[in-house]
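To start, the structure under review is shown below, and the notes come after it.
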Amino acid sequence: MLRGMKNLSWQTSQGSRIVRVGVVRSACYAVETGDGRRYLIDTAVPGERAAIEAQLERLGFKALDAILLTHAHGDHAGNAAAWSRRFGCPVYAPAGEVGQVRAGRCVLPAGATPLGAAVMAVQRRLHVCETFEPVPDVRPLPLGEGVFGPHLGVVATPGHTECSASIVVDGEAALVGDALIHRGRSVFPPFADRPEQVGDAWRVLLGTGAETFLCAHGGPVGRALLERSLAALERPGRRPRA
Ligand SMILES: [Zn+2]
């Protein structure tokens with residue numbers, strides 16, 4: 001049973017701890033697994049670098065075993081190169097997006113909802129989050145259970161981007177990147193390269209057995225809300241909420 005505290009930290013029954021860090025533009029998650037390994041899931045944007053470094057310092061995170069990126073967007077990969085150097089660790093990104101992380105350049109998705117389309121039109125015009133410091137030696141993120149020790153698994157959850165992945169901790173919590181974006185009662189990502197695959201990704205996430213799904217944008221999503229959202233998405237003629 002996962003225990004959550006103030007929507008900022010969680011503890012699994014297997015002794016793994018997850019802490020949400022950096023919440024202005026985009027959250028990332030510090031994970032200490034039950035066997036003492038330390039990971040950072042996503043890296044936010046350079047503007048949040050100092051604040052997140054201070055948070056990690058307070059948590060006692062002086063070194064990392066690896067940085068895992070859920071996808072190649074600039075608001076997730078923005079500090080990957082800097083923190084790979086600082087924490088002396090490798091960076092992993094979904095295999096199909098390694099080229100973008102290596103180049104430090106991503107293609108932002110189109111809007112999947114009317115609001116998303118409007119926001120993304122502005123972002124694209126301003127080139128927000130399209131470029132970031134390249135990570136020349138980024139490695140492909142392996143998929144499967146226990147790929148980073150007994151506590152961490154990785155599942156493919158494409159939709160927001162073609163190769164987005166989610167990190168599963170002890171089968172109790174999933175760190176989903178932008179596979180879910182939690183705004184109000186909606187969890188459908190307003191921007192997506194493959195909006196038609198988002199429902200499949202949600203099915204994969206529910207299939208992990210996780211009780212809580214932790215997003216980069218917005219608060220945690222419980223199983224019941226994700227199940228309701230998937231049912232609504234699958235209702236004939238129903239379109240995602242904007
Ligand atoms: Zn994204």
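Restricting attention to the stretch 41-51, does a residue exist that is under 17 Å from Val154 (Cβ atoms) and not β-branched (Val, Ile, Thr)? Yes, the stretch 41-51 contains a residue that is under 17 Å from Val154 (Cβ atoms) and not β-branched (Val, Ile, Thr).
Taking Leu69 and the conditions (1) crowded, with 24+ Cβ neighbours inside 10 Å; (2) away from the ligand (no atom under 15 Å from the Cβ), which numbered condition does it fall short on, given that it satisfies the others? With (1) crowded, with 24+ Cβ neighbours inside 10 Å; (2) away from the ligand (no atom under 15 Å from the Cβ) applied to Leu69, the lone miss is (2).
Looking at the stretch 59-88 only, could you name the residues that are among the charged types (D, E, K, R) and modelled with pLDDT of 95 or more? Correct list: Asp65, Arg85, Arg86.
Can you find, within the stretch 211-233, the residue that is nearest to the chain's Cα centre (by Cα) among those that are in contact (Cβ under 8 Å) with a residue 60 or more places away in the chain and more than 14 Å from the ligand (Cβ to nearest atom)?
Initially, the stretch 211-233 is screened for residues in contact (Cβ under 8 Å) with a residue 60 or more places away in the chain, giving 211-212, 214-217, 219-220.
Still in the list and also more than 14 Å from the ligand (Cβ to nearest atom): 211-212, 214, 219-220.
Working: Glu211: 16, Thr212: 13, Leu214: 8, Gly219: 13, Pro220: 12 Å.
Ranking the candidates gives Leu214 first.
Is it the case that Pro195 is in contact (Cβ under 8 Å) with a residue 24 or more places away in the chain and within 16 Å of the ligand (Cβ to nearest atom)? So Pro195 passes the test.
The lone criterion from (1) within 16 Å of the ligand (Cβ to nearest atom); (2) closer than 20 Å to Cys28 by Cβ left unmet by Gly116 is number (2).
Could you name every one of the helices (runs of 4 or more DSSP H) located completely within the stretch 69-154 that has at least 3 residues being within 21 Å of Pro190 (Cβ to Cβ) and out of contact with any Cys (no Cβ under 6 Å at 6 or more places or on another chain)?
Passing ranges, in order: 114-126.
The set of residues in the stretch 78-97 being in contact with a strand residue (DSSP E or B) (Cβ under 7 Å, 6 or more places away or on another chain) and within 16 Å of the ligand (Cβ to nearest atom) consists of Ala80, Ala93, Pro94. For the condition surrounded by 17 or more Cβ atoms within 10 Å (Cβ to Cβ), in contact with a helix residue (DSSP H, G or I) (Cβ under 9 Å, 6 or more places away or on another chain) and either under 27 Å from Val107 (Cβ atoms) or at pLDDT below 95 (or both), Arg49 qualifies. If we keep just the residues of the stretch 98-110 that are within 12 Å of the ligand (Cβ to nearest atom) and surrounded by 20 or more Cβ atoms within 10 Å (Cβ to Cβ), which is modelled with the lowest pLDDT? Taking the candidates together, the pick is Pro109.
Considering only residues of the stretch 17-32 that are outside any strand (DSSP E or B) and surrounded by 22 or more Cβ atoms within 10 Å (Cβ to Cβ), which is modelled with the highest pLDDT? Walk me through it before giving the result.
Taking the stretch 17-32 first, the residues outside any strand (DSSP E or B) are 22-27.
Keeping just the survivors that are surrounded by 22 or more Cβ atoms within 10 Å (Cβ to Cβ) gives 22, 26-27.
Numbers: Gly22: 82, Ser26: 88, Ala27: 93.
The residue in question is Ala27.
The values are calculated or read from the model by the stated rules, or taken from the named source; none is laboratory data. None of these values were measured; they are calculated from a predicted model. Because the Cβ atoms are built from the backbone with ideal geometry, glycine has one as well, and the counts that use them run over all protein chains shown.
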